[in-house]
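What follows is a set of notes on a single structure, which appears directly below.
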Amino acid sequence: MQNATQADAPATFEAFYEQHKTWAIRFAWLMVREAAAAEDISHDAFTRVFERFDTLTNPSAYLRSTLTNAVYERSRRTGREERRLRLVSAGESTQVEHASGGMMDAISRLPIRQRTAVVLRYWVDLPVDDIAEAMSARPGTVKSWLSRANAQLRKEIEP
């Protein structure tokens, strides 16, 4: 998704949706790696954009922030569910084996904030300041997340 200015933004929500729907689903999929969840997350994000579309000065930035927050919420909810399942199945081994290899597998194992920063930086091609805005963080914090993520990815990917 391009860094659109208000002059470049579509005049109607329908045009905005058509312009960004594929990108939004792909972004969500890169974060959660599940097609159905990615579609649900992007649909919910577009619903939130629709509710405020007429008052937004930068709907694209709002969509990025909304998608990011929705992914965080899903991650927290999924973590709670996994903890409950571990409690229910006490005594059974619940350790997940991670398949080695593949950049996407390595990225999916990063902590959620690092994973989000990596996707926004390298797949969406956003500058650090825009990532910071989307993630409600300071640019220095985003740089730290990216640095840690890159170090971890190098360890996993390079032999």
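Quick notes on this one:
- Pairs, first farther than 17 Å from Glu34 by Cβ in the stretch 102-113, second of a type outside the set (Ser, Thr, Tyr) and open to solvent by less than 50 Å² (accessible area, probe 1.4 Å), C-beta under 8 Å, six or more apart: Met103/Leu153; Ala106/Leu153; Arg113/Met135; Arg113/Ala137; Arg113/Trp145
- Residue within the stretch 137-156 that is out of contact with any helix residue (DSSP H, G or I) (no Cβ under 8 Å at 6 or more places or on another chain), among the acidic types (Asp, Glu) and in a helix (DSSP H, G or I) present: no
- Per the listing Thr78, Thr68, the residue uniquely out of contact with any strand residue (DSSP E or B) (no Cβ under 8 Å at 6 or more places or on another chain), modelled with pLDDT under 85 and part of a helix (DSSP H, G or I) is Thr78.
- Count of the stretch 111-136 residues, restricted to those that are over 19 Å from Arg74 (Cα atoms), open to solvent by 70 Å² or more (accessible area, probe 1.4 Å) and not in a helix (DSSP H, G or I), is 1.
- A count restricted to the stretch 1-26 and to residues that are within 24 Å of Ala117 (Cβ to Cβ) and modelled with pLDDT of 90 or more stands at 7.
- Residues within the stretch 32-79 that are hydroxyl-bearing (Ser, Thr, Tyr), open to solvent by less than 30 Å² (accessible area, probe 1.4 Å) and under 19 Å from Phe16 (Cβ atoms), tallied: 5
- From the options Leu63, Leu56, residue that is at pLDDT 90 or above and farther than 25 Å from Gln114 by Cα: Leu56
The values are calculated or read from the model by the stated rules, or taken from the named source; none is laboratory data. Keep in mind it's a predicted model, so treat the numbers as computed, not measured. So basically every Cβ, Gly included, is an ideal-geometry build from the backbone, and we count neighbours across all protein chains shown. Accessible surface is based on the protein model in full, side chains and every heavy atom, while ligands, DNA and RNA are left aside. Shrake-Rupley method; radii C 1.70, N 1.55, O 1.52, S 1.80 Å.
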